[in-house]
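The structure under discussion appears below in the form of structure tokens.
The values are calculated or read from the model by the stated rules, or taken from the named source; none is laboratory data. Values in this document were obtained by computation on a predicted structure and should not be read as measured data. Cβ atoms come from the backbone with ideal geometry, glycine included; neighbour counts cover every protein chain shown.
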Amino acid sequence: MTSKEREKVILVTGATRGIGHAIAENLANAYPLIITGRSEDALNALKKKLNDNGGKVEAIAADLTSSNDIKNLVESSIRALGRIDCLINNAGMGIFGRADQINEKDFRYVMELNLIAPYQLTRAVLPDMISRKSGQIINISSVAGLNGFKGGGAYAASKFALNGFTESLREDVKEFGIAVTAVCPGGVRTEFGGNPASVREFVLEPEDVAHTIRYLVDESETANTKLIELKPRKRTEFR
Ligand SMILES: NC(=O)c1ccc[n+]([C@@H]2O[C@H](COP(=O)([O-])OP(=O)(O)OC[C@H]3O[C@@H](n4cnc5c(N)ncnc54)[C@H](OP(=O)(O)O)[C@@H]3O)[C@@H](O)[C@H]2O)c1
């Protein structure tokens, strides 16, 4: 890890498994990290593995549907590593079904985790980034934030909204030199949506998404990639 890279502190949400886990594994050899998720065991196991390999990683458990947990997460992160230079809003989930079949509680929960939590985290980290006139926010959205699909009412709504939030946030903070990016992957081989990772055929690997995130984190301080739509090379659907 170079001393320059050491200076950029990154908070990764949803790091206990799937894409967030791969992002943490990719970034830990170059950047100090705060990893978060609800599962303390998974967080501590990942923290130990990354630190044993020379990383500088702190683990702070949080349920991102709780405003108190979000407040505590940001305060504890700053206490532990001094500041947050880059926020990666990756934690998310999907509950699927036609509008008359998905219940309101589930619909609200999807919006809470996929949209309100990134907003609350952004709100918490932004004042410090603005005062330092530097920072980066990366929102893991989805191709479902660009295209609707059968049964995707709640999930696609949350990701379209996250993209709208991301686009507007970039305009809000461009004068302060803060980069804001939406990343929209197609299917990724994880246990997302309750699917065993093994059942999917033509999909991205979590490491593919992590590689793209690494590109964004390494991007020059004068550039801002707005949105990346990332597809598996080999696929059957036409879009
Ligand atoms: N997999 C795909 O096909 C795909 C495609 C496009 C976009 N995405 C997006 O990529 C992101 C990551 O998805 P994934 O496939 O890696 O999913 P995943 O394997 O199910 O992992 C989800 C992560 O989010 C965390 N999480 C879930 N609920 C949480 C809560 N209430 N509070 C805090 N953390 C919570 C989980 O940790 P804990 O359970 O420990 O809390 C876990 O680390 C999501 O935003 C998803 O929408 C996924």
Can G97 be described as away from the ligand (no atom under 12 Å from the Cβ), at positive phi and in contact with a strand residue (DSSP E or B) (Cβ under 8 Å, 6 or more places away or on another chain)?
no
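Would you kindly identify the strands (runs of 3 or more DSSP E) lying entirely within the range 1-80 that contain at least 3 residues that are within 14 Å of the ligand (Cβ to nearest atom) and under 23 Å from R189 (Cβ atoms)?
Counting at least 3 such residues, we get 33-37.
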In the range 216-232, the residues that are closer than 12 Å to T181 by Cβ and either among the β-branched types (V, I, T) or outside any strand (DSSP E or B) (or both)
L216, V217, E219, A223, N224, T225, K226, I228
What do you reckon, is E112 surrounded by fewer than 21 Cβ atoms within 10 Å (Cβ to Cβ) and closer than 17 Å to N224 by Cβ?
no
Which of the residues spanning the range 168-215 are under 14 Å from H21 (Cα atoms) and assigned to a loop (DSSP other than H, G, I, E, B)?
R189, T190, E191, E205
Being within 19 Å of I23 (Cα to Cα) and within 11 Å of the ligand (Cβ to nearest atom), is that true of even one residue in the range 127-140?
yes
Kindly check whether there is at least one residue in the range 145-167 that is farther than 30 Å from N103 by Cα and either surrounded by 15 or more Cβ atoms within 10 Å (Cβ to Cβ) or modelled with pLDDT under 95 (or both).
no
Within the range 18-36, restricting attention to residues that are more than 12 Å from the chain's Cα centre (by Cα) and over 10 Å from L50 (Cβ atoms), which residue is surrounded by the fewest Cβ atoms within 10 Å (Cβ to Cβ)?
A30
Criterion first (part of a helix (DSSP H, G or I) and within 15 Å of the ligand (Cβ to nearest atom)) does E112 satisfy it?
yes
